[in-house]
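The values are calculated or read from the model by the stated rules, or taken from the named source; none is laboratory data. All figures in this text were calculated on a predicted structure; none of them were measured in a lab. All Cβ positions, glycine included, derive from the backbone under ideal geometry; neighbour counts span all protein chains shown.
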Amino acid sequence: MKLPQFRHTARIAIEDVRLQTALENATGRFRSAREKALAELPASGELRDHLKAIRSATLARLAEHLETFERNATANGTQVHWARDAAEARQTVLDIAQQHGVELAAKSKSMTTEEIGLNRALEQAGIRAVETDLGEWIVQLAGEPPSHIIAPAIHKTKEQVSALFEREAGRPIGVDIPTLTAEARRMLREKFLAAGMGISGGNLAVAETGSIVLVTNEGNGRMVTSLPKVHVAVIGIEKIAPTWDQAAAWLALLARSATGQPLSIYTSIITGPARPGDPDGPREVHIILLDNGRSKLLGTPYEEALQCIRCGACLNVCPVYREAGGHAYGSPYSGPIGAVISPLLFGQQNYAALPQASSLCGACLEVCPVRIDLPRLLLELRKEAVERGIFPSRRERWAERLAANALEDAGRMRKAAALLRWGQKPFARGGRVRLPGALHPAGDRDLPALAARSFREMWEKGEFDQ
């Protein structure tokens, strides 16, 4: 994602009135709900400090906690797999699916499967993957990636959703929300029963018992993990809570920060496959622990980014995200946290623009339940991009050197100003300069024309004396 590309996609989003309305309405509701939920929580500030200390201490001994989780999960009958990168994770899922002759996989909401491009890999292997989370299913029908970490279809209006459902159902469907949700329930119900595999992510994994926790507001998550005979969960290695006491602090802040709820409607705990005599549940549970660049951040200035609990609060307050939307970032992860972890996980050279897509206002730090210093991380990435020659472009570096050369000497500054006054004459109209696109440093914005005389010249001639 180069800077001109980000600017282009962001400009398209900003000019889309319908998208702007949908973004402002949704992020506004999330912000209000979060503020109310945290205000009702005694000592919420102290709890945030406590969770940050937990996350920091956990990452300091991450390998130990992962081994404990694997040992306890295996004792419960879970099969634990390790994936160094996205390719290994995809292949592990495909191997499991092919062992069981799976033709249809029902998926619950999962950012890690978005990260590894799992749906495309399944389709290429002849396995149909159906998203069952309402928001994820909407964007799947639209052929789009998610636009928000917790609300994938935040950018869609109910009229757009109705049109997608009508195309899928082949008949007219109303635009009121109860009708749309009822229709989604009807169309998706058969998928749960027919699926040979259920695929999910995991909001956190508890080392103490080898359990994973799924936090959702729809019943689809439980059906994905209980109706198919095989359940596969793909989880980032950083999502570990050593004990249930520590997991409780995590859960106390997750839903409040994300949707303003004390606890999500469905908080599911999965500890191994079905036992003999259980009326339902999968016969096999597989957990894939995904690295994909995470371990290389340990012990670096970027380790703090791994403390993220994926609540999405930083997206809802970010002035850039609220205007540009998630698709402008070109990554599964958008907003301030996406601007940090996308370059770290997927390569600075591929996402050089994202750390620049921030006003550094600090709102993301203020709302983060783990108090991740995202502005600091963004500045670190900007510094690294300059040191590695990734950013800025050669033309911008040349322009900056010329400007620095002129600004450091008053004589050179006067000469440069005189040259620019002469050069602007063909383009100056009404006090503004309208340059051709190839020469314009600020896109569509008009630049102010240089005055006939500078303030310094007027001051030296005593024109401000009383």
Residue within segment 187-207 that is without any contact (Cβ under 8 Å) to a residue 60 or more places away in the chain, surrounded by fewer than 19 Cβ atoms within 10 Å (Cβ to Cβ), within 19 Å of L38 (Cα to Cα) and not small (G, A, S) present: no
Failed item in (1) more than 15 Å from Q307 (Cβ to Cβ); (2) at pLDDT 95 or above; (3) more than 15 Å from the chain's Cα centre (by Cα), with F346 passing the rest: (3)
Residues of segment 94-115 that turn out to be closer than 19 Å to L214 by Cα and aliphatic (A, V, I, L, M), as a count: 3
Subset of segment 413-458 (residues that are surrounded by fewer than 12 Cβ atoms within 10 Å (Cβ to Cβ), at pLDDT below 85 and part of a helix (DSSP H, G or I)): G437, A438, L439, F455
The one condition in (1) of a type outside the set (K, R); (2) surrounded by 15 or more Cβ atoms within 10 Å (Cβ to Cβ); (3) in contact with a helix residue (DSSP H, G or I) (Cβ under 9 Å, 6 or more places away or on another chain) that I177 fails to fulfil: (2)
Residues (modelled with pLDDT under 95 and farther than 25 Å from E284 by Cβ) located in segment 202-254: N217
Conditions (1) small (G, A, S); (2) buried (at least 19 other Cβ atoms within 10 Å of the Cβ); (3) not in a loop (DSSP other than H, G, I, E, B): number failed by A248: (2)
Boolean, K461 is at pLDDT 85 or above, of a type outside the set (G, A, S) and more than 30 Å from P4 (Cα to Cα): no
Residue that is under 30 Å from Q98 (Cα atoms) and either in contact with an Asp or Glu (Cβ under 6 Å, 6 or more places away or on another chain) or in the same structural domain as V317 (by TED's automatic domain parsing) (or both), where the choices are S268, S226: S226
